[in-house]
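So the structure is just underneath, and the comments pick up after that.
The values are calculated or read from the model by the stated rules, or taken from the named source; none is laboratory data. Keep in mind that this is a model prediction, so the values were computed, not measured. Quick reminder, even Gly has a Cβ in these numbers, built from the backbone with ideal geometry, and neighbours come from all protein chains shown. Protein only, heavy atoms only, side chains kept; ligands, DNA and RNA dropped before computing areas. Shrake-Rupley method; radii C 1.70, N 1.55, O 1.52, S 1.80 Å.
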Amino acid sequence: MILDLHAHSIKSDDGRAKVENYCQWIRRKELPIDGFVLTEHRLFDFDSDYQPLADEFDLCILKGSEVETDYGHVLVFGVSQELMDALDFTSIRLPLARVLEETERHDAIAVPCHPGRTRVGMCAHVEERGIVPGVRIIELYNGGSRGREDAAAHLLAEENGYQGIGGSDAHIVSHIGRCATRFPGPVDGEASLVEALRSLDFEAVTWK
Amino acid sequence: MSEKSFSDVEFGEDLPTFEPDTSLANVTKFAMAAKMFNNRFTDHEAARKQGLPGAIVPGIMSQAILVAMVHRWASNATLEKIDTIFRAPVLVDMPHAVSGVVTDMDEEEQRIEIDLTLENAEGETRVLGTATVRLS
């Protein structure tokens with residue numbers, strides 16, 4: 001099963017894509033993905049129910065979040081109200097160590113994204129202040145990152161033994177599915193996604 | 001350039017790609033007309049002294065290039081909104097390409113949304129945006 005693990009809809013302040021249009025696009029362009037995860041900036045969208053769209057287009061549509069930490073942006077999968085009570089998702093400088101600790105405690109998982117990008121990625125912070133224990137996975141392929149930024153992510157992963165995911169980081173419709181993550185088995189919900197990520201049995205793929 | 005009606009358009013349709021003129025001469029002409037006198041737009045050396053890799057295309061010119069894309073495709077399009085995200089500088093005298101694709105069609109309102117992307121020769125997105133247009 002192939003999922004784009006990093007996408008934004010109009011629920012994000014800089015997202016311009018409607019979820020329905022993502023679905024239409026995937027089917028019209030016959031993209032080789034089975035679904036996507038909406039990782040809205042600094043929030044978790046408890047309100048939207050995308051199941052009718054998922055059924056109509058036969059796609060898996062899951063929800064996560066992208067939070068901001070002292071080591072750059074981080075995708076969080078398996079978000080619950082309890083996790084949101086423990087972490088202020090609206091903060092733009094959450095300590096990464098705390099995000100890792102709280103996600104672990106609340107059956108979620110944290111994945112630093114676009115690590116090769118300046119300021120909002122992890123690489124530069126690691127160079128300055130060293131690694132943060134507890135990171136197991138980073139985003140290896142990001143649809144919005146430039147070649148050398150993805151290369152920096154690969155180097156970081158190699159040096160530290162991190163597993164890698166792929167995500168388009170789509171903010172507009174036509175960017176969905178540029179990068180994704182291939183899982184050997186089915187993923188049918190947020191809990192199942194966390195379990196699949198924790199198994200470390202997946203691979204990042206790109207069509208950039 | 002040709003006129004189009006709503007019924008001529010399909011979801012997922014690609015707009016014809018074009019290479020905008022980002023030469024120093026053309027960018028200088030734009031900057032002067034727009035009264036943008038900062039020499040980071042008109043002088044490579046001056047731009048480098050400001051820490052840039054070379055002279056850059058003004059943001060409003062990049063936005064105008066995206067709008068031009070829409071009107072090259074449908075000369076009768078009324079632009080209701082253009083929403084632009086500047087990801088990285090557009091460098092003067094470097095080749096770029098603009099692409100566009102129809103990503104939403106509202107039949108009731110007769111509105112069309114178009115994703116627009118300005119990329120450099122390496123395929124890196126420098127500027128992207130969405131346009132909302134109406135075809136009369």
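Miscellaneous remarks
- Semi-axes of the equivalent ellipsoid of the range A:150-201 are 20, 19, 8 Å, computed as sqrt(5λ) over the eigenvalues of the C-alpha gyration tensor in descending order.
- Applying the Kirkwood pairwise sum to the alpha-carbon positions of the range A:115-208 produces a hydrodynamic radius of 13.9 angstrom.
- Net charge over other residues, Cβ less than 14 angstrom from the Cβ of B:LEU79 (K, R count +1; D, E count -1): +2
- The B:SER5 and B:PHE37 beta-carbon pair, evaluated with R₀ = 41 Å, returns a calculated FRET efficiency of approximately 0.45.
- Percentage, to the nearest whole number, of Cα pairs in chain B over 28 Å apart: 22
- Solvent-accessible area per residue for the protein assembly as shown (1.4 angstrom probe, square angstrom): 44
- Compactness index (Cα Rg / 2.2 N^0.38 Å), the range B:1-64: 1.56
- Between the helical axis of A:96-105 and the longest alpha-carbon principal axis of chain A there is an angle of about 60 degrees.
- In this assembly, the A-B interface accounts for approximately 1500 Å² of buried accessible surface in total, computed with a 1.4 Å probe and without ligands, DNA or RNA.
- Residue among A:LEU197, A:TYR141, A:ILE61 farthest towards the positive dipole end of the range A:2-206, charges placed on Cβ: A:TYR141
- Dipole magnitude of the range A:2-206 about its Cα centre (Cβ charges: Lys, Arg +1; Asp, Glu -1), debye to nearest 20: 680
- Both radii come from the Cα set of chain A: Rg as radius of gyration, Rh as Kirkwood radius; their ratio Rg/Rh reads 0.93.
- Sulfur and carbon atoms: percent of accessible area, the range A:2-206 [1.4 Å]: 47
- Projecting the Cα atoms of A:HIS8, A:VAL79, A:LEU100 onto the charge dipole of the range A:1-111, computed from C-beta unit charges around the Cα centre, puts A:HIS8 farthest toward the positive end.
- Highest-fluctuation residue, A:LEU62, A:LEU87, A:LEU140 considered, GNM on chain A with Cα pairs under 10 Å: A:LEU87
- Only helices enter the 222 nm calculation for chain A: every DSSP H run of n ≥ 4 contributes -39,500 (n - 2.57), and dividing by all residues gives -8500 deg cm²/dmol, rounded to 500.
- Cα-based helix-to-principal-axis angle, B:59-73 vs chain B, degrees rounded to 10: 30
- The radius of gyration of the Cα set in the range A:84-159, together with its Dmax, comes out at 12.7, 37 angstrom.
- Most mobile of A:PHE44, A:PHE77, A:PHE57 in a GNM of chain A (Cα contacts under 10 Å): A:PHE57
- Note on B:PHE86: accessible area is roughly 110 Å² with a 1.4 Å probe, heavy atoms of protein only.
- Chain A: most fluctuating residue of A:LEU31, A:LEU59, A:LEU193 per GNM, C-alpha cutoff 10 Å: A:LEU31
- Of the Cα atoms belonging to the range A:1-82, the radius of gyration and Dmax stand at 12.8, 40 Å.
- For the range B:97-135, residues shielded by at least 40 square angstrom of accessible area compared with the chain on its own, probe 1.4 Å: B:THR103, B:ASP104, B:ASP115, B:GLU124, B:LEU128
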